[in-house]
1. Stretch residue 100-residue 161 to full length: gain in nm at 0.36 nm per residue minus the Cα-Cα span?
2. Sorted from largest to smallest, which semi-axis lengths in Å does the alpha carbon gyration tensor of the range 95-176 give for its equivalent ellipsoid, taking the root of 5 times each eigenvalue?
3. Using θ = phi - 60° and the Karplus form 6.51 cos²θ - 1.76 cosθ + 1.60, what ³J(HN,Hα) does each residue of the range 169-179 get, whole Hz, x for Gly and Pro?
4. Pull up all non-local amide H partners of residue 151: gap of 5 or more, or a different chain, and H-to-H distance under 5 Å with H placed in the peptide plane.
Amino acid sequence: MNKKAAGLLVAIAVTGASFFVLTAKNPAQKGGAATDAPSPVIVTEVASPSGAYMPCYYVWASQELPEIGAELQSVLQDVLPGAEARAQAYGENCVAEDGSSTFGAMETDFQVTIPVADLDDSAALGKALEQALLIIIERFPRPVVPGGMDGYVEFSFTAGADTFGLRAPIALAKELLEQGLGGAELLQALENRRP
């Protein structure tokens with residue numbers, strides 16, 4: 001049996017074991033609760049640093065982007081004092097049979113927390129939402145941030161102990177802004193089209 005065939009058999013065995021583990025302990029899917037459905041496992045070959053190809057399987061993964069998050073927070077605080085921000089790349093780890101992995105980003109997602117005086121003031125929420133989205137769209141587009149597609153911005157508006165959350169797809173936000181929506185109208189349109 002040649003090395004490539006032996007490697008493929010090992011990859012299939014590892015994939016089977018991984019599939020069992022992922023099925024038995026399926027972590028929460030992106031943005032949601034744990035489900036009974038298994039995570040997808042795909043076996044492929046990737047180039048190693050030596051140029052030889054080695055089999056691997058893919059597992060959903062994310063990586064913090066602390067520099068981008070810190071820069072976004074700094075820019076946001078100039079416009080929205082007290083705002084906090086994080087950035088995270090979402091994608092897949094290609095895990096090799098030796099346990100090493102390579103991360104591939106599909107999109108960059110942002111988490112933005114904005115303190116407000118009143119959660120019922122849709123004009124103020126909409127204005128803050130619009131300001132934050134314009135900063136993200138204009139200052140942090142692809143390829144400045146990793147990934148092949150637009151991600152999401154998860155907003156948390158806080159007033160004391162109360163919180164209002166909204167998950168805005170960046171592609172939809174761009175479309176609505178291009179249509180001329182802003183402020184409370186933009187907020188309402190994003191609420192009506194929640195993914």
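Throughout, read-outs are computed from the coordinates displayed, never taken from laboratory work. Source: prediction; values computed, not measured.
1. Contour length minus Cα-Cα distance gives 17.7 nm.
2. For the range 95-176, the semi-axes come out at 31, 16, 9 Å.
3. Each residue's phi maps through the Karplus curve to give x, 4, 4, 5, 4, 4, 4, 5, 5, 5, 7 Hz.
4. Here the answer is 108, 170, since their amide H atoms fall under 5 Å of that of residue 151.
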